[in-house]
Amino acid sequence: MKVVAPLLVGATAGALSTVAMSAVMLGAKRSGVTGELPPERITRRAIDAVSAEPLDDHNEDAIAAVAHLSFGAFAGALFGLLTTRTGAARGSPAIAAFAGMIYATGIWLVSYQGWVPALGIMPPASSDRRGRVVTMLAAHWVYGAALGILATLFRR
């Protein structure tokens with residue numbers, strides 16, 4: 001039980017934080033800053049790899065949203081477990097928000113300088129469209145801050 005509760009707290013906080021993150025991303029996309037968002041492109045590539053027929057945009061967008069929310073919940077669950085072990089999210093919400101932002105920066109770095117370009121899905125952040133890089137980093141910081149605060153509040 002000492003593992004299950006932090007995982008559930010983190011997954012719930014991660015899913016809710018992904019919604020906040022997605023709002024930043026969608027706002028930037030609508031303003032024309034980002035072009036195609038990474039969850040959309042990652043999902044399209046995954047669908048193309050496993051499906052003989054392409055999906056319509058509505059279904060593809062729905063799958064991308066569920067996949068992004070799932071990834072956020074999984075990352076949140078891991079955060080919940082890690083911060084329970086370190087105590088980083090037991091103190092003040094401000095400290096927890098900062099810990100979450102550092103954690104989310106790591107996710108951004110591993111994803112956008114790591115596995116996403118390694119799989120040929122998108123260019124590395126160091127070579128990508130500036131607006132998308134800034135948006136995705138800011139969105140990850142929103143995710144991390146919300147994750148830290150919500151995980152702390154849910155533990156109380």
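The values are calculated or read from the model by the stated rules, or taken from the named source; none is laboratory data. Here the structure is a predicted model, which means the values were calculated and not measured. Quick reminder, even Gly has a Cβ in these numbers, built from the backbone with ideal geometry, and neighbours come from all protein chains shown.
Would you confirm, using the coordinates I've provided, whether SER70 is assigned to a helix (DSSP H, G or I), surrounded by 15 or more Cβ atoms within 10 Å (Cβ to Cβ) and out of contact with any Ser or Thr (no Cβ under 6 Å at 6 or more places or on another chain)?
The answer is no for SER70.
Filter segment 99-156 for residues that are hydroxyl-bearing (Ser, Thr, Tyr) and under 18 Å from PHE74 (Cα atoms); which is modelled with the lowest pLDDT?
Per the stated criteria, the residue is THR152.
Kindly provide the set of residues from segment 136-156 that are surrounded by fewer than 19 Cβ atoms within 10 Å (Cβ to Cβ), part of a helix (DSSP H, G or I) and over 12 Å from the mean Cα position of the chain (by Cα), ordered by number.
LEU153, PHE154, ARG155 - these are the residues of segment 136-156 that are surrounded by fewer than 19 Cβ atoms within 10 Å (Cβ to Cβ), part of a helix (DSSP H, G or I) and over 12 Å from the mean Cα position of the chain (by Cα).
Name the residue that is surrounded by the most Cβ atoms within 10 Å (Cβ to Cβ), counting only residues in segment 112-125 that are part of a helix (DSSP H, G or I) and out of contact with any Phe, Trp or Tyr (no Cβ under 9 Å at 6 or more places or on another chain).
Filtering segment 112-125 for residues that are part of a helix (DSSP H, G or I) and out of contact with any Phe, Trp or Tyr (no Cβ under 9 Å at 6 or more places or on another chain), the one surrounded by the most Cβ atoms within 10 Å (Cβ to Cβ) comes out as TYR112.
Going by the structure shown, is ALA73 farther than 22 Å from ARG155 by Cβ, touching a helix residue (DSSP H, G or I) at 6+ places or on another chain (Cβ under 6 Å) and of a type in the set (A, V, I, L, M, F, W, C)?
no
Return the only residue of ALA96, ALA49 being at pLDDT below 95 and surrounded by 20 or more Cβ atoms within 10 Å (Cβ to Cβ).
ALA96
If VAL133 meets every condition in (1) of a type in the set (A, V, I, L, M); (2) crowded, with 16+ Cβ neighbours inside 10 Å; (3) over 20 Å from ARG30 (Cβ atoms) apart from one, which number is that one?
Only one criterion is unmet by VAL133, namely (3).
Does ALA20 meet the test of being farther than 16 Å from LEU137 by Cβ, out of contact with any Asp or Glu (no Cβ under 7 Å at 6 or more places or on another chain), of a type in the set (Gly, Ala, Ser) and part of a helix (DSSP H, G or I)? Break it down stepwise before answering.
Numbers: farther than 16 Å from LEU137 by Cβ: no; out of contact with any Asp or Glu (no Cβ under 7 Å at 6 or more places or on another chain): yes; of a type in the set (Gly, Ala, Ser): yes; part of a helix (DSSP H, G or I): yes.
Judged against the criteria, ALA20 is not a match.
So, LEU55, is that one surrounded by 14 or more Cβ atoms within 10 Å (Cβ to Cβ), more than 13 Å from the chain's Cα centre (by Cα) and under 24 Å from GLY76 (Cα atoms) or not?
No: the conditions fail for LEU55.
Mind checking which pairs have a first residue in segment 62-77 that is closer than 16 Å to VAL116 by Cα and of a type in the set (Lys, Arg) and a second that is buried (at least 17 other Cβ atoms within 10 Å of the Cβ) and modelled with pLDDT under 95, Cβ under 6 Å, 6 or more apart or different chains?
Going by the 6 Å Cβ cut-off, there are no qualifying pairs.
Scan segment 31-43 and give yes if some residue there is aliphatic (A, V, I, L, M), closer than 27 Å to PRO124 by Cα and in a helix (DSSP H, G or I), otherwise no.
Taking every residue of segment 31-43 in turn, at least one turns out to be aliphatic (A, V, I, L, M), closer than 27 Å to PRO124 by Cα and in a helix (DSSP H, G or I).
Kindly indicate whether ALA88 is of a type in the set (A, V, I, L, M, F, W, C), within 15 Å of LEU7 (Cβ to Cβ) and either at pLDDT 95 or above or assigned to a loop (DSSP other than H, G, I, E, B) (or both). Steps first, answer last, please.
Working: of a type in the set (A, V, I, L, M, F, W, C): yes; within 15 Å of LEU7 (Cβ to Cβ): no; either at pLDDT 95 or above or assigned to a loop (DSSP other than H, G, I, E, B) (or both): yes.
No, not satisfied.
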